[in-house]
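Some notes on the structure that comes next.
The values are calculated or read from the model by the stated rules, or taken from the named source; none is laboratory data. Here the structure is a predicted model, which means the values were calculated and not measured. Positions of Cβ are generated from backbone atoms using ideal geometry, with glycine treated the same way; all protein chains shown enter the neighbour counts. Just the protein is used for accessible areas: all its heavy atoms, side chains included, with ligands, DNA and RNA removed. Shrake-Rupley method; radii C 1.70, N 1.55, O 1.52, S 1.80 Å.
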Amino acid sequence: MIIDREGLDQLISVLIGMGFQVVGPTVRDEAIVYENLNSINDLPEGWADEQEGGTYRLKRRSDKALFGYVVGPHSWKKFLHPPERRLFRANLKGGDFEIIPEKLEEPKFAFLGVRSCELHAIAIQDKVFLGGEHVDSTYKIRRENAFFIAVQCGQSAATCFCTSMNTGPRTESGFDLALTEILDNEHHHFIVEVGSDQGNAVMEKILHRQATGEDVMEAKKLTEEVAAKMKRTLDTTNIKELLYENLEHPQWNDIADRCMSCANCTMVCPTCFCSTVEDVTDITGDHAERWQKWDSCFTMDFTHIHGGEVRASTKSRYRQWLTHKLASWQDQFDSSGCVGCGRCITWCPVAIDLTEEIPKIRDSENQITHPGNEARHEIP
Ligand code: SF4
Ligand code: SF4
C-alpha cells in the first residue's frame, strides 16, 4: 500500500480517534526526541542529525523529509519502562501504616517512527521484563497495548553499527505497520507494509493506493544502500569468550582514565533496564512513598551493600557494563544486549566508543599468539 503526506496525517488522527496516545519524533532543545504528536506538523520536517563520538547536531536538509534523521537521545523504553514511577504510598493510621498500592495505569501508545534496531531493543527488553518468573506489570500492560509503526531507515548515522549486530537497517517483523519514505523531485509518499491484523484494520480507514512490485523493490533498495554505506562495524566473533578471558586486560585501565562514570551511556541505551527503589517521607513522618527510578551500573550506590560498594572503581564499572552488554547478557537472556544503535557513542561526553575499545582487546589477543608479545597480557 502507499499513502501520501495527507494519508500519514490521517493515520495519526485515526489512531488518536481510536484512543491511542501517538508518540513520535519531534524537535525540542536542538535534538529529535520522542513526544506526543497531534499531526504531521509535529514531525521533524526537513531536519537531519549529524552524529559522531561525543557529538550530536541537528542540521537542515535540502528537502522536506519527515523521517530524515536517525535516532536521538530518547528511546521507546521511557514509555514502556518509565524513568520513575510510584510503587505505593503508606499513611500512618492509629500507630500502623496503611499501604495504598499504586493503581496500574493502562496507557495505549502508538509509537510512530520506530527503527529496526529499536524494535530489536524492545524484543530484548521483552525477555528482561516478561520472560522470567517475575513479570513487570507496568511494562506488560504498556507493551500489550502498544501499536508500532516502524520506519525503514533511509540513512544511517556515523555511529550506527546495526549491520554488525544483525538488527537493521531493514525491519522485517515486530511492527503493525512499517513505512518507507520515498522522496524525490516528483514524489513524497510512504510505502506501507502491514505486519498485523490490527495494522490491516487501521489501514482500511486510511486513504491509500496499492503498491506495485516496483515500489516494493524501491523500498528494499533504499535500506540495502543504507546497509552498504554503514561506516562503523563490530566484529562479534566469540565476543563472549573474548571478554570473559580478558577481565584484567590493560585496556580497562585506559578506558577508566577517560570515563567520567556519568552514566549517560546507560541512560540513552534502549536495552539497559536497571532501576533502584527510593523511599521518601514528608516532614511529619506520617506519609511515605516508595518510588522506582532508573539506575545505572555506573553509579556508586548501585552496588552499595554493608561495608561499601562492590564496584568502587570506574574501571570495574565500565568493565561490568560492557561485559554484561556483550557477554553475560548472552548467558542471562540468550542474546546480545546491544543492538548497534550507536547512542552510547554519540552521547558519551568523552567519546568512548565500544566499536574502538573491543578491537583493541581483540588485537592484543591476536598478537599474543605470536612469540614475544606475551607481555601485553600482564596486569599493570
Ligand atoms: S550498548 Fe550502545 S550501541 Fe549498543 S544498544 Fe546500547 S546504546 Fe546502542
Ligand atoms: S563511557 Fe562515557 S557515557 Fe558511559 S559513563 Fe563513561 S563517560 Fe559516561
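DSSP loop GluC sites (Glu not before Pro) in segment 93-136 with at most 12 other Cβ atoms within 10 Å of their Cβ, which ones? Mind dumping the intermediate values first?
Working: sites: E98, E102, E105, E118, E133; in loops: E102, E105, E133.
Answer by residue number: E105, E133.
Translational D (Stokes-Einstein, µm²/s) of the chain at 37 °C and 0.692 mPa s when Rh comes from the Kirkwood sum over C-alpha pairs?
Result for D is 144 µm²/s.
Run the numbers for V350 and A227: contour at 0.36 nm per residue of separation, minus the present Cα-Cα distance, in nm.
Working: separation 123, 0.36 × 123 = 44.28 nm, distance 2.72 nm.
So the extension gain works out to 41.6 nm.
What percent do you get for the relative contact order of segment 73-126 when only Cα pairs under 8 Å and 6+ apart count?
31 percent
How big is the equivalent ellipsoid of segment 2-229 along its three axes, where each semi-axis is √(5λ) from the Cα gyration tensor, reported in whole Å from largest to smallest?
Value: 34, 20, 18 Å, ordered largest first.
Under 12 Å from a label point 7 Å along Cα→Cβ of S335: give me every residue in segment 115-149 with its amide N that close.
It comes to 117-131, nothing else.
With the full set of protein chains in place, find how many percent of the accessible area of segment 2-229 is carbon and sulfur; take the probe as 1.4 Å.
46 percent
Looking at segment 215-263, which GluC sites (Glu not before Pro) are in a loop (DSSP not H, G, I, E or B) and have at most 14 other Cβ atoms within 10 Å?
E245, E248
Given a Förster radius of 35 Å and the C-beta distance between I283 and N38 as r, what FRET efficiency does 1/(1 + (r/R0)^6) yield to the nearest 0.05?
Here the calculated transfer efficiency is 0.30.
Across 5 Å bins from the origin, how do the percents of Cα pairs in segment 189-233 run, short distances first?
5, 17, 21, 18, 16, 11, 7, 4, 1
Could you work out which residue, out of V114, V216, V151, moves most in a Gaussian network model of the chain, that is, has the largest mean-square fluctuation with Cα springs under 10 Å?
V216
At a Förster distance of 35 Å, what's the computed FRET efficiency of R5 paired with E106, Cβ-Cβ distance as r, to 0.05?
Given R0 = 35 Å and the Cβ-Cβ separation, E is 0.65.
Return the calculated 222 nm mean residue ellipticity for the chain, to the nearest 500 deg cm²/dmol, obtained by summing -39500 (n - 2.57) across DSSP H runs with n ≥ 4 and dividing by the residue count.
Helix contribution divided over all residues of the chain: -9000 deg cm²/dmol.
If the limit is 22 Å between Cα atoms, which of K231/K360; K77/K240; K108/K205; K78/K231; K220/K325 go over it? Don't jump to the answer; show the numbers that get you there.
Working: K231/K360 18 Å; K77/K240 25 Å; K108/K205 19 Å; K78/K231 28 Å; K220/K325 30 Å.
Long pairs (Cα-Cα over 22 Å): K77/K240; K78/K231; K220/K325.
Please give the Cα centre distance for segment 218-248 versus segment 279-344, rounded to the nearest Å.
Taking the Cα centre of each part, segment 218-248 and segment 279-344 sit 26 Å apart.
Assuming R0 = 30 Å, what is the FRET efficiency of R28 and A158, from their Cβ-Cβ distance, to the nearest 0.05?
E between R28 and A158, to the nearest 0.05, is 0.85.
Can you send over the carbon and sulfur percentage of the accessible area for segment 239-377, probe radius 1.4 Å, protein chains only?
52 percent
Given segment 287-373, report the % of alpha carbon pairs whose separation exceeds 18 Å.
Tail of the P(r) past 18 Å holds 62 percent of the pairs.
Under the classification rounded if a/c is under 1.5, otherwise prolate if a/b is larger than b/c and oblate if not, where does segment 1-84 fall, given a ≥ b ≥ c as square roots of the Cα gyration tensor eigenvalues?
Oblate shape, in that a/c is at least 1.5 and b/c is the bigger or equal ratio.
In square angstrom, what is the accessible area per residue of the chain with a 1.4 angstrom probe?
Accessible surface, normalised per residue, equals 48 Å².
What does segment 194-263 give for Rg and for Dmax, in Å, if only its C-alpha atoms count?
Using the Cα atoms of segment 194-263, the pair Rg, Dmax is 23.1, 60 Å.
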